[in-house]
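Student: This structure is in structure tokens; I'll ask about it shortly.
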Amino acid sequence: MSGWFERNRSMVLIGLGTLTALIVAALLSGGPRTGADHDPENPGSRGSQALARVLEQEGVRVDIVRSAAALEEQTLDPATTVLVTSPSNLGTSTADRLVEAARDSTLVVAGAAPGTVEALGVDAPVALRSVEGARPADCTDTGLGNFEGIDIEVDQAASYATSAGCFASESGWIVASADEGLILLGAPGILENDQVLRADNAAAALRLLGQQPRVVWYVPSLGDLVGDDGVSLRSLLPPWLTPATWLVGLAVLALIWWRARRLGALAVEPLPVSVRSLETTEARGRLYRSASAREHAADVLRRSTRDSVASHLRLPPSDVDVLVRDVSARLDRATTDIDALIGDRAPSPGSDDELIRLAAALAELDTEVGRT
Amino acid sequence: MVITGRVPLLLLLGLVPVVLRPAMSTVWLWLLLVAMTTAVDWFLAVKPQSLRIERGDIGSTRLGHEAESRLTVGNLGTRPVRAVLRDAWQPSAGAENNRHHIRLAAGGRAVVTTSLCPRRRGDLRSVGVTVRAPGPLGLAARQRTLDVPGMVRSLPPFESRKHLPSRLARLRELDGRSAVRIRGAGTEFDSLREYVRGDDVRSIDWRASARNRNVVVRTWQPERDRRVVLVLDTSRVSAARIGDVPRLDAAMDAALLLAALAARAGDRVDFLAGDRRVRARVRAAGARDIAARLQEAMADLDPVIAEADWSALAGEVNRLGRQRALVVLLTPLEPASVIESLLPVLPALLKHHRVVVASVQDPALGEMTRQRESLTDVYGAAAAARVVQQRRRASDILAALGVHVVDADADQLPPALADHYLALKARGLL
């Protein structure tokens with residue numbers, strides 16, 4: 001066990017470190033958060049937690065609802081404002097359910113796109129464009145709230161060409177009164193944490209939502225949509241395609257069955273032991289290298305050369321001095337030279353390069369003697 | 001149950017009704033139809049068990065030579081049979097074209113042959129005969145693997161037989177028979193005959209010539225009726241491969257050549273193979289078929305991962321007979337195993353017999369000693385040189401004890417050992 005730990009120490013430490021980091025991150029991240037735009041529980045720059053908190057401090061009860069069923073469970077009376085953010089998640093069916101549930105209350109839909117407007121049963125052209133500078137209220141419908149003297153400032157806003165509303169734009173109203181108890185807010189930016197302090201955005205939002213003592217903040221979820229919301233790709237395809245695909249899939253399964261069935265079991269071979277005869281020798285070489293046994297290797301190579309030279313010259317390999325003298329006489333090289341190569345007291349190589357040079361010189365000496 | 005390629009095709013044919021009536025129910029109905037048809041077809045297929053399959057005896061063949069496995073298939077049922085047969089062998093048996101299509105009338109018989117070409121020595125076995133019999137529509141088939149035991153014995157190839165004629169010629173020279181100009185180089189007195197020109201004058205028997213009108217020479221013949229004991233080491237050291245051939249196979253080749261030669265020279269040959277225990281034993285075979293008998297005994301030998309128990313093997317050698325013999329130990333000169341295990345038993349063996357150690361050398365070892373380019377090469381060369389020195393030392397120790405050592409490359413060992421035997425015979429040292 002301790003041996004295993006020694007071998008895998010770095011991996012174990014890295015694993016423990018990663019685990020600790022994950023635990024710390026999970027603990028620090030706190031409770032449930034959402035990253036959706038204009039969400040009352042999103043503290044990020046595009047969230048609306050600030051507005052929700054301020055509404056609560058001002059004595060308005062804020063109930064957050066995240067599904068159509070939960071919305072239907074709420075008692076929505078005339079003293080309630082229903083605010084819808086992320087309306088792009090509304091389908092035909094959820095929009096119908098929303099309108100039905102909120103028929104007694106004031107319904108404020110923030111940032112409704114043309115599809116959503118249509119789903120809510122409002123027939124009004126929608127234009128989305130950027131807005132330069134602050135917009136004055138200029139209300140034509142006082143039922144929307146008291147926006148006297150308030151300017152809003154956002155980068156982009158949708159305007160709805162309805163008959164009445166506030167904050168006029170080139171092609172309609174940014175806060176439009178679309179129907180009895182239905183308000184379309186074309187500038188959801190005024191709800192955002194980041195923009196709520198620009199111009200009089202905060203005041204506009206609070207006055208719009210703070211008219212009633214209770215706000216039901218509805219964030220629709222895609223999970224509530226039923227199958228036939230929107231146009232499916234399926235209706236465009238020929239009707240036989242699905243069954244044909246199934247049939248081809250079944251045929252492929254049959255094909256796999258046909259090809260996968262072998263004609264009898266695999267024939268196995270009882271394998272013999274296979275040992276290369278050089279295996280131990282090579283391992284010994286690697287051992288020498290890992291231990292940097294230069295002195296020993298040089299010793300062995302010298303003795304090997306002495307043996308082969310001595311057998312060539314028919315001398316006993318044990319008498320090194322005689323051998324050195326004879327070889328130097330035969331090759332006409334200095335005795336000290338030969339002695340430094342194959343002598344008994346020759347210095348052992350100090351570095352790997354020296355060892356390689358010595359080995360090459362010994363091999364050369366061997367061939368030279370062999371040639372004479 | 002086996003389905004054929006017709007089933008997926010039939011399923012695809014269902015596209016036509018699906019286009020005509022586009023609904024999922026059409027798909028399921030079509031699938032049901034195909035499944036029912038296939039099941040009925042499977043049910044109607046002939047049962048493979050109604051075939052009787054027998055295999056003829058294959059016997060033995062030399063490694064790398066062809067053999068044939070013959071299957072006799074008889075239809076015991078009352079219906080004609082159409083089937084595919086697979087005669088499966090272990091891969092090294094080299095079974096070619098082992099799938100056979102057969103058509104048998106009721107009560108009919110057929111013979112199918114699979115050619116085998118063994119690529120490995122030893123007993124190679126068949127795995128089973130698989131029969132696949134399709135139904136009348138060819139949609140489904142019944143399949144069953146029947147156990148039809150079969151074995152081909154792949155003998156050692158005896159590649160060194162090519163050296164035999166030249167060694168036999170040398171043997172006849174020793175005998176003095178092949179060339180009259182040379183007196184027999186043997187050591188046993190054979191007979192007296194008249195001098196002919198060209199005879200060695202040293203062989204003239206002066207005493208016999210004095211009693212005779214002509215000059216008479218003595219002739220000699222090599223000693224006969226000696227014993228040769230071949231001991232083949234099958235322990236772990238014999239498993240090492242040189243090239244792609246285990247040392248054991250090279251040693252077998254050498255043993256076969258020596259046995260064939262010794263049998264021709266009139267000596268009796270005993271053979272032992274073993275490691276921890278004796279694995280094969282052939283007694284006193286002096287007949288001409290010695291090589292075949294040894295091949296048969298060697299066919300099933302494989303190296304064992306165990307150390308050789310030389311004292312047991314030496315005891316076995318002594319048990320073979322008390323007559324003085326030439327004991328040939330076919331074992332690699334691995335310094336460790338020689339010094340620790342073989343040396344202690346040698347003196348007792350040498351007391352009664354003449355001992356020769358025949359060892360397979362590795363040419364790659366010398367090659368490794370000469371590689372000196374890189375640091376790895378140099379250390380490898382040092383290691384190889386060290387092994388060579390240890391082998392030489394072991395060989396020196398053996399020689400000092402009076403053991404002859406024949407150490408040669410795998411393909412050189414058989415002739416070298418045969419030459420050594422002839423040299424001993426010429427000097428009358430058996």
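Student: Where in region B:76-102 does accessible area fall by at least 30 Å² between the isolated chain and the complete protein assembly, at a 1.4 Å probe radius?
Tutor: The answer is B:Arg86, B:Gln90, B:Pro91 - residues whose exposure falls by at least 30 Å² when every protein chain is included.
Student: Here is a follow-up. Mind pulling the angle between the C-alpha long axis of helix B:247-264 and the longest principal axis of chain B? Nearest 10 degrees, somewhere in 0 to 90.
Tutor: Long axis of B:247-264 versus the principal axis of chain B: about 50 degrees.
Student: Ratio of Rg to Rh for the protein assembly as shown, alpha carbon only, Kirkwood?
Tutor: 1.30
Student: Another question, then. Find the accessible area per residue for region A:279-371; the probe is 1.4 Å, ligands and nucleic acids are left out, and the unit is Å².
Tutor: 56
Student: Note the per residue figure in Å³ for the convex hull of the C-alpha positions in chain B.
Tutor: 253
Student: Could you check how much of the accessible area of chain A is carbon and sulfur, as a whole percent, using a 1.4 Å probe?
Tutor: Here it works out to 54 percent.
Student: Could you give me D for region B:34-153, from Stokes-Einstein at 25 °C and 0.890 mPa s, where the hydrodynamic radius is the Kirkwood radius over C-alpha pairs? Units µm² s⁻¹, please. Write down the numbers at each step before the final one.
Tutor: Values: Rh = 15.1 Å.
Diffusion coefficient, whole number: 163 µm²/s.
Student: Based on the alpha-carbon set only, what is the convex hull volume of chain A divided per residue, in Å³?
Tutor: In chain A, the Cα hull volume divided by residue count equals 412 Å³.
Student: Also, quick follow-up: Please name whichever of B:Ala410, B:Leu313, A:Ala310 sits farthest to the positive end of the charge dipole of the protein assembly as shown, dipole taken about the Cα centre and charges placed at Cβ: Lys and Arg +1, Asp and Glu -1.
Tutor: About the Cα centre, the residue reaching furthest to the positive side is B:Leu313.
Student: Follow-up question, since we're still on this one. Along the positive direction of the dipole of the protein assembly as shown (beta-carbon charges: Lys, Arg +1; Asp, Glu -1; about the Cα centre), which of B:Ser69, A:Val154, A:Leu301 reaches farthest?
Tutor: B:Ser69
Student: Also, quick follow-up: Kirkwood Rh over Cα pairs of region A:49-224 into Stokes-Einstein at 4 °C, 1.567 mPa s: D in µm²/s?
Tutor: After rounding, the answer is 81 µm²/s.
Student: B:Asp300 accessible area, nearest 10 Å², 1.4 Å probe?
Tutor: So the heavy atoms of B:Asp300 present about 80 Å² to solvent.
Student: Sticking with this one: So, in nm, how far is label A:Arg9 from label B:Asp147 when the simple model puts each one 7 Å beyond its Cα toward the Cβ?
Tutor: My value for the distance between the label points is 5.7 nm.
Student: How large is Rg/Rh for region A:128-210, to two decimals, with Cα atoms and a Kirkwood Rh?
Tutor: Radius of gyration over Kirkwood radius for region A:128-210 works out to 0.92.
Student: Round to the nearest 10 and give me the degree value, 0 to 90, for the angle of helix A:320-331's Cα axis relative to the longest principal axis of chain A.
Tutor: 90
Student: Could you pull out every residue, at least 5 positions away or on a different chain, whose amide H is within less than 5 Å of the one on A:Val62? Hs are placed 1.01 Å off N in the peptide plane, and Pro or chain starts have none.
Tutor: A:Val215
Student: Starting from the Cα gyration tensor of region A:197-353, take the square roots of the eigenvalues, sort them a ≥ b ≥ c, and report rounded, prolate or oblate (rounded when a/c is under 1.5, otherwise prolate if a/b is larger than b/c, else oblate).
Tutor: oblate
Student: Each residue of region B:384-397 in turn: what ³J(HN,Hα) in whole Hz from Karplus with 6.51, -1.76, 1.60 and θ = phi - 60°, glycine and Pro shown as x?
Tutor: 5, 4, 4, 4, 4, 5, 5, 4, 5, 5, 4, 5, 5, 4
Student: Once every DSSP H run of n ≥ 4 in chain B is given -39500 (n - 2.57) and the sum is divided by its residues, what mean residue ellipticity at 222 nm do you get, rounded to the nearest 500 deg cm²/dmol?
Tutor: The per-residue figure over chain B is -10500 deg cm²/dmol.
Student: Also, quick follow-up: In terms of modelled amide H atoms, which long-range or inter-chain residues lie less than 5 Å from the amide H of B:Ala408?
Tutor: Placed amide hydrogens put B:Ser359, B:Gln361 under 5 Å from B:Ala408.
Student: So, with a 1.4 angstrom probe, what is the percent of accessible area on region B:224-426 that is carbon and sulfur?
Tutor: The C+S portion of the solvent-accessible surface of region B:224-426 is 48 percent.
Student: Given springs between every Cα pair under 10 Å in a Gaussian network model of chain B, which of B:Pro17, B:Pro344, B:Pro246 has the largest fluctuation?
Tutor: Greatest mean-square fluctuation among the candidates belongs to B:Pro17.
Student: Counting only the heavy atoms of the protein chains, how much of B:His65 is accessible to a 1.4 Å probe, in Å² to the nearest 10?
Tutor: 80
Student: On the protein heavy atoms, probe 1.4 angstrom, tell me the percent of accessible surface of region B:76-158 carried by carbon and sulfur.
Tutor: Here carbon and sulfur together make up 49 percent of the probe-accessible area.
Student: Sticking with this one: Per residue, how big is the convex hull of region B:224-426 when only Cα atoms are used? Give it in Å³.
Tutor: Per residue, the Cα convex hull of region B:224-426 comes to 112 Å³.
Student: Something else about it: How large is the dipole of region A:282-372 about the Cα centre if only Lys and Arg carry +1 and Asp and Glu carry -1, each at its Cβ, rounded to the nearest 20 debye?
Tutor: 220
Student: Normalise the Cα radius of gyration of region A:279-371 by 2.2 N^0.38 Å (N = residues in it) and let me know the number.
Tutor: 1.11
Student: Probe 1.4 Å, all protein chains in place: accessible area of A:Leu313 in Å², nearest 10?
Tutor: 30
Student: Could I ask something else about it? Which one, B:Val217, B:Val2, A:Leu55, is farthest towards the positive end of the dipole of the protein assembly as shown when Lys and Arg carry +1 and Asp and Glu -1 on their Cβ?
Tutor: Result: B:Val217, furthest along the dipole toward the positive end.
The values are calculated or read from the model by the stated rules, or taken from the named source; none is laboratory data. Here the structure is a predicted model, which is why all the values come from computation and not from measurement. We place every Cβ from the backbone using ideal geometry, glycine too, and count neighbours over all the protein chains shown. Side chains included, ligands, DNA and RNA excluded: accessible areas come from the protein's heavy atoms. Shrake-Rupley method; radii C 1.70, N 1.55, O 1.52, S 1.80 Å.
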